[in-house]
Amino acid sequence: MSRHLTSTALALALLLTAGSAVANPWTRDQGSGYVNVSYQRIAAGSFFGPKGDKVTFNGTSFTQQTLNLYAEVGIIDRWLTATLESTVFRHGKLDNQGATQGLGDLRLGFWSGLLRRGSLRVSAGVLVGLPTGDDEPSVEGDPQANIIARSLPTGDGEVDLEARVGLGYSFGGPQSAWPLRHYVRAEVGYWLRTKGFFDAFNYLFEVGLQAPWAVVDRFWVIARFFGSESFAGDEAPAGFAGLGNGVTYTSYGLELHGRIWRGLGASASFAGAFRARNVAAGAQLKFALDYQF
């Protein structure tokens, strides 16, 4: 894999739903790093219930906005890359009923490169979730407002652990028979939940495309298929904020990433769900700035 393709692929590695790892198979060299700041928004008039059926909000609508930070730094060439993933600010609102806001949860990750063979990379990581958000927001003196606040947590309230394996491969480009550049990324992970939550299986498949011609070679088009499958089945209580027990989704996404200047880049993306449980039934929009050094 060329240095240019490696660094660009790293800059695109951000999964958009709560609880999903964003690290990737290309571990970093010692001292190199990457920072991504993103804004996400979702608005919906219904949500996927615990059985997968769509349930309306009965005359109101749900809006959630988050400001997120992701960073990674190489500590030991190939063998150790550390990551940090944080919801710096989360605002959830049911129109004309109430809203909550505050710090979300934090996740720390540690990744190691298992295989480097040509353009093929295989890595394994462990991610630890810390409950820095509020899983039980409340409003004193107003029972009805308190019920609304409890339905809009900013965190899941648990320490969790995920073991994840990732595979990355790049091909094509001007020096090959196929002029377009591509990368493929696939990840699977087992998410060990606590606080009485059911465990989950996380997965991701992503394909990137870049045309190697002047001006347009600054851009990557990325398509992804991803999700989380909770083992709760129909046993989990209903929810819609995307946090807590029984959250399940099978989603698609499309992203455009552009290199602005040197290590600075920007991206815009959207995602939606084919099927889900306990998440809002609306498209998610995201805008991000990233920098690598």
Note to self: with every protein chain in place and a 1.4 Å probe, the chain gives an accessible area per residue in Å² of 45 Å²
Taking 8 Å as the Cα distance limit and 6 or more residues as the minimum spacing, I'd like the relative contact order of the chain as a percentage. 18 percent
In a Gaussian network model of the chain with springs linking alpha carbons closer than 10 Å, the residue among Asn36, Asn68, Asn146 that fluctuates most is Asn146
Starting from the eigenvalues of the Cα gyration tensor, five times each then square-rooted, give me the equivalent ellipsoid semi-axes of the chain, largest first, whole Å. 34, 20, 17
In whole Å, largest first, the alpha carbons of segment 38-133 cover along the principal axes 56, 29, 20
The chain: most fluctuating residue of Val215, Val37, Val159 per GNM, C-alpha cutoff 10 Å: Val215
Which of the trypsin sites (Lys or Arg not before Pro) across segment 217-266 are loop residues per DSSP, with 15 or fewer other Cβ within 10 Å? Arg262
Relative to the compact-globule estimate 2.2 N^0.38 Å (N residues), the Cα gyration radius of segment 137-194 stands at a ratio of 2.24
In the Gaussian network model of the chain, springs joining C-alpha atoms below 10 Å, which of Pro237, Pro131, Pro25 carries the largest mean-square fluctuation? Pro237
Can you give the accessible area of Phe198, probe radius 1.4 Å, in Å² rounded to 10? 70 Å²
Could you work out the helix-only [θ] at 222 nm for the chain, with each DSSP H run of four or more residues adding -39,500 (n - 2.57) and the total divided by the number of residues, to the nearest 500 deg cm²/dmol? -1500 deg cm²/dmol
Out of the total accessible area of segment 250-293 (probe 1.4 Å, heavy atoms of protein only), what percent is carbon and sulfur? 71 percent
From the convex hull of the Cα coordinates of segment 22-78, what is the mean projected area in square nanometres? 6.0 nm²
Could you tell me the ratio Rg/Rh of segment 203-279? Both radii from Cα atoms, Rh via Kirkwood. 1.16
Karplus (6.51, -1.76, 1.60) ³J(HN,Hα), θ = phi - 60°, over segment 193-208, in Hz, Gly and Pro reported as x: 9, 10, 6, x, 6, 6, 5, 8, 10, 10, 8, 7, 9, 9, 10, x
Once Rh is set to the Kirkwood radius over Cα pairs, what Stokes-Einstein translational diffusion coefficient, in µm²/s, holds for segment 54-94 at a temperature of 10 °C and a viscosity of 1.306 mPa s? 119 µm²/s
Quick one: putting +1 on the C-beta of Lys and Arg, -1 on the C-beta of Asp and Glu, what dipole do you get for segment 114-269 around its Cα centre, in Debye to the nearest 20? 1340 debye
The alpha-carbon pair-distance distribution computed for segment 155-293, with 5 angstrom bins and whole-percent values, is 2, 9, 14, 17, 18, 15, 10, 8, 5, 3, 1
Residue by residue through segment 81-97, what is 3J(HN,Hα) from phi via Karplus (6.51 cos²θ - 1.76 cosθ + 1.60, θ = phi - 60°)? Round to whole Hz and write x for glycine and proline. 10, 9, 10, 9, 9, 9, 8, 5, 8, 10, 10, x, 9, 9, 3, 6, 10
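The values are calculated or read from the model by the stated rules, or taken from the named source; none is laboratory data. As the structure is a computational prediction, the values presented were derived from the model and not from experiment. As a convention, Cβ positions derive from the backbone with ideal geometry for all residues, glycine included, and neighbour counts pool all protein chains shown. Areas reflect the complete protein model, heavy atoms only, side chains present, ligands, DNA and RNA absent. Shrake-Rupley method; radii C 1.70, N 1.55, O 1.52, S 1.80 Å.
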